[in-house]
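Colleague: This structure is in structure tokens; I'll ask about it shortly.
The values are calculated or read from the model by the stated rules, or taken from the named source; none is laboratory data. This is a predicted model, so every value here is computed, not measured. As a convention, Cβ positions derive from the backbone with ideal geometry for all residues, glycine included, and neighbour counts pool all protein chains shown. These area figures cover heavy atoms from the full protein model, side chains too; ligands, DNA and RNA do not enter into them. Shrake-Rupley method; radii C 1.70, N 1.55, O 1.52, S 1.80 Å.
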Amino acid sequence: MSNYQQNKTMVICIIAVIAIGSITAGALAFFGSTNFGWGPFSQYGFNWNLNDMTLYQFEDDTSTIAESTTLRVNLSAGIVNIKFVESSDLLYRFDMLVPNNTIEQYGAPEIGYTANTISLEYAAAAVNITLGSASNYTMDIDLEAGAVDLTIGQYSHIGDIDADVGAGSSILTITDESSIVGDVEINLSVEAGSVEITVDLPSNVGGDFEASTSFGGPDVTTSTWTRITDNHYQTSDYDTAVNTVSILASAGAGSVTATLI
């Protein structure tokens, strides 16, 4: 692991630099201008200049992949984009843009892997995480400020997911090409900001969605899920399905938007 230890003063400074307004306004497009797939985050603005950043790439391409893997990411500030690809040998690939002044203060980032757990704990970075198709991934993502974008689609195999963001945004997309086995729980929490969810489940998976907000209720669009309450929706087969996904979304000073297909 790196020599980074979370510094509360540093966290407050970073939150001030990339406060919700600058994150959601999103004027800077360097995420879309690189060759490393940062496009999904072109709507977010970080006050970083590419000339003042360093690219790090980490990859574990091995034939000894465990059936189940845990991914843990803890950043004081940053953007985390997670996706899956078809590869029975790829455990993980990280493409990271890191401010040079962060490197000077905390050293270079490192990826840890022990006891079938992939871990990144660092100060500030924009991170693309690519996962292979051979393992079932449980995730624990924590950001003091920034954004998480998780796509669960073709080639994905997931366990429980917990994503917590202090100030910023959390985006979840589940497609009908995803692989969900058993009962999976997904918890998305944002203290100040927004949660955006799009769910199109495979035919063999039942779904449950529940949201909580401090002000008003969630904005839910659906023509197929059953409304239990204004904050709670289920598919008609949820109680009988062998495979289920339960999504709990919460926003403090912010909003929850969900499209349930």
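Colleague: Exactly one condition in (1) among the small types (G, A, S); (2) surrounded by fewer than 22 Cβ atoms within 10 Å (Cβ to Cβ); (3) farther than 30 Å from L91 by Cβ is not met by G166; state its number.
Modeller: (3) is the only condition that G166 fails.
Colleague: If you take the residues in segment 47-70 that are surrounded by 12 or more Cβ atoms within 10 Å (Cβ to Cβ) and charged (D, E, K, R), which one is modelled with the lowest pLDDT?
Modeller: Across segment 47-70, the extreme among qualifying residues is D61.
Colleague: Quick check, is D149 in contact with a helix residue (DSSP H, G or I) (Cβ under 7 Å, 6 or more places away or on another chain) and in a strand (DSSP E or B)? Break it down into steps so the answer makes sense when it comes.
Modeller: Values: in contact with a helix residue (DSSP H, G or I) (Cβ under 7 Å, 6 or more places away or on another chain): yes; in a strand (DSSP E or B): yes.
When the stated conditions are applied, D149 passes them.
Colleague: In the set T226, T244, T213, which member is hydroxyl-bearing (S, T, Y), modelled with pLDDT of 95 or more, more than 19 Å from D160 (Cα to Cα) and over 16 Å from the mean Cα position of the chain (by Cα)?
Modeller: Values: T244 fails: more than 19 Å from D160 (Cα to Cα); T213 fails: modelled with pLDDT of 95 or more.
Being hydroxyl-bearing (S, T, Y), modelled with pLDDT of 95 or more, more than 19 Å from D160 (Cα to Cα) and over 16 Å from the mean Cα position of the chain (by Cα) holds for just one of T226, T244, T213, which is T226.
Colleague: Same structure again: When you scan segment 44-129 for strands (runs of 3 or more DSSP E) that lie fully inside it, which ones turn up with 2 or more residues that are among the β-branched types (V, I, T)?
Modeller: Because the criterion is at least 2 residues that are among the β-branched types (V, I, T), the strands (runs of 3 or more DSSP E) in segment 44-129 that meet it are 68-84.
Colleague: Test each condition in (1) touching a strand residue (DSSP E or B) at 6+ places or on another chain (Cβ under 8 Å); (2) within 26 Å of S255 (Cα to Cα); (3) surrounded by fewer than 24 Cβ atoms within 10 Å (Cβ to Cβ) for S135 and report the one that comes out false.
Modeller: Every listed condition holds for S135 apart from (2).
Colleague: Can I ask one more? Determine which member of the set E191, E185, E177 is surrounded by fewer than 16 Cβ atoms within 10 Å (Cβ to Cβ) and under 18 Å from the mean Cα position of the chain (by Cα).
Modeller: Numbers: E191 fails: surrounded by fewer than 16 Cβ atoms within 10 Å (Cβ to Cβ); E177 fails: under 18 Å from the mean Cα position of the chain (by Cα).
Testing whether each residue is surrounded by fewer than 16 Cβ atoms within 10 Å (Cβ to Cβ) and under 18 Å from the mean Cα position of the chain (by Cα) leaves just E185.
Colleague: Let me ask something additional. Taking the criterion of being at pLDDT 95 or above, surrounded by fewer than 16 Cβ atoms within 10 Å (Cβ to Cβ) and out of contact with any helix residue (DSSP H, G or I) (no Cβ under 6 Å at 6 or more places or on another chain), would at least one residue in segment 83-90 satisfy it?
Modeller: yes
Colleague: Still on this structure, I have one more. Just wondering, is there one or more residues in segment 227-249 that are open to solvent by 30 Å² or more (accessible area, probe 1.4 Å), β-branched (V, I, T) and free of Cβ contacts under 8 Å to residues at least 12 places away in the same chain?
Modeller: Within segment 227-249, one or more residues are open to solvent by 30 Å² or more (accessible area, probe 1.4 Å), β-branched (V, I, T) and free of Cβ contacts under 8 Å to residues at least 12 places away in the same chain.
Colleague: Please go through (1) open to solvent by 30 Å² or more (accessible area, probe 1.4 Å); (2) more than 21 Å from T173 (Cβ to Cβ); (3) out of contact with any Phe, Trp or Tyr (no Cβ under 7 Å at 6 or more places or on another chain) for T221 and return the number of the only condition it doesn't satisfy.
Modeller: (2)
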